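J.: I'd like to ask you about the structure that follows.
Derivation of every value follows stated rules applied to the coordinates shown; laboratory data play no part. Because the structure is a prediction, the values reported are computed rather than measured. Glycine gets a Cβ as well: all are built from the backbone with ideal geometry, and neighbour counts include every protein chain shown.
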Amino acid sequence: MLVKNNRIYIILYISILIGFYFNEDVLGGSKNDYLYHLQFVELFSNDLIYGLSVYGYDGHLVRNSPIFYIILSFIDKYISSEYLRYFHTLSAPVLSILFYKALKIKFNFVNKDKLKVFSAILFLSPTVRSLAIWPYPFIWSLIFFILAIYFYFLFEKKRNLKNIYFCFISIIISSYINYTFSVFGLFFLIKFLQNYKSKFSILGILLFLVLCSLPAIFFLFFRNGIHVLGGPDGLKLSLNETLNFSNKILIISSIIFFYLLPFLKFNDLLIKIETKSIFPKILIGIVCILLILMFDYPHTLYFGGGIIFKISYLFFENNILFYIVCFISFFLFYNLLNDFNSLSLMFILTILYNLQFTIYMKYYDPLILFLILFFFEKNFVIRFFKDKFFLQKIYLFSTLVYAIFFVKSYLL
């Protein structure tokens, strides 16, 4: 019975092992990233202190946290890099199983076997597959991020303070592996402050977070080696160009819209004008128009921008389709999130999550799926799970996403 219930994991994990054998890289750059970062594993393996002193500076340029490569440097002394890559493929089922456990708490009205099949869609994620085959810190940040979500749901269910500590420990580890995930610690903190009234417990949590953050604060802000806000290699950009928030808001909103597609019905896309909501909708329209006027993200083969942005140029050689999708997205988010506070928090977190100039879709896959399922308006997600074809929809969509990445990487 256990094998039968878990066969979807076994079958799809075997597909990753087949991908490993053929050096699959549907992201298109995972292999090169892995090979480039092997120098840091060797650097830390030879001399940890010296490695930290030069990490991120000329000759050792990198945006990532050194934690992942320090850990690999210790493992590398006992296991060859090829065997390490093989064992690293287990990161995919670990992520998928934790995803299932979080889903099981949040959506306990859904049949567990169906949730198990649903959670296995992560095996089709281009990011999960590529980074499981070619070790990279981002996938481990996702693992601890979903673990933080799991513990937060346990806290909501049982109001046991230890679970909120486990939640913050998980998001802290996620952030130390990939600093961009630290912004989601803010979300959990806000939710905790809203739901817990004990001043003693709140002060304890805040002190705990400050102490855990000190090493990262020192490393990121008292050194200038890690290029957190830099542009791509070979492109000189001013800080204003790097931090053009109109680029980030519009591209990120189009990426969120794309991942919302299997959850939507046609009526969701209609902009309904009602007297009681006319002012906020006019304001949304004005904001969207202003952002479009300030948008200047370049279209190239290398700087990302998301699927909608790429398709708009591929078929029309302009941004018109992209702008239309962004316009619809703003109204859609307002309807799904119900209020400006939730909408603002969503944008703030996703923007702060990617402060660098380039915006690659791989950094939002499958992160956006997690945000939709766990942080979007609950009734909207419940509606999806009550659809008797929800598994067919999500698997069809996930296969389509994989096919798009595959065509882009191998056929274009």
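J.: Given a cut-off of under 8 Å on Cα pairs at least six residues apart, what relative contact order in percent is computed for region 27-88?
T.: 32
J.: What is region 101-218 by shape, rounded, prolate or oblate, if you read a ≥ b ≥ c off the alpha carbon gyration tensor as root eigenvalues and call it rounded for a/c under 1.5, prolate for a/b larger than b/c, and oblate otherwise?
T.: Judged from the Cα gyration tensor, region 101-218 comes out oblate (a/c at least 1.5, b/c at or above a/b).
J.: Related question: Can you give the longest run of the chain that contains no trypsin sites (Lys or Arg not before Pro) sitting in a DSSP loop with at most 15 other Cβ atoms inside 10 Å?
T.: 273-387
J.: If you don't mind, another one. So between S80 and Y36, what do we pick up on full extension, going 0.36 nm a residue minus the alpha carbon distance?
T.: Roughly 14.2 nm would be gained on extension.
J.: Taking the Cβ of K31 as the centre, find all other residues whose Cβ is under 14 Å away and add up their charges (Lys, Arg: +1; Asp, Glu: -1).
T.: That works out to -1.
J.: Do the sum for the chain: with -39,500 (n - 2.57) for every DSSP H run of n ≥ 4, divided by all residues, what is the mean residue ellipticity at 222 nm, to the nearest 500 deg cm²/dmol?
T.: Only helices count here, giving -22000 deg cm²/dmol.
J.: Continuing with the same structure: Given the pairs K112/K393; K157/K191; K157/K388; K104/K388, which span a C-alpha to C-alpha distance of over 25 angstrom in this model?
T.: K157/K388
J.: Starting from region 18-71, pick out the chymotrypsin sites (Phe, Trp or Tyr not before Pro) whose DSSP state is loop and whose Cβ has at most 14 other Cβ atoms within 10 Å.
T.: Here the chymotrypsin sites (Phe, Trp or Tyr not before Pro) that fit, given the DSSP loop and packing criteria, are F22, Y57.
J.: Here's another thing I want to ask about it. Please report the relative contact order for the chain, taking Cα pairs under 8 Å with a sequence separation of at least 6, and give it as a percent rounded to a whole number.
T.: The normalised contact order for the chain reaches 20 percent.
J.: Sort region 27-88 into rounded, prolate or oblate with this rule: let a ≥ b ≥ c be the square roots of the eigenvalues of the Cα gyration tensor; rounded if a/c is under 1.5, and if a/c is not under 1.5, prolate when a/b is larger than b/c, oblate otherwise.
T.: Since a/c reaches 1.5 but b/c is at least a/b, the shape of region 27-88 is classed as oblate.
J.: Which one of G59, G305, G51 has the biggest mean-square fluctuation once the chain is modelled by GNM with Cα springs under 10 Å?
T.: Greatest mean-square fluctuation among the candidates belongs to G59.
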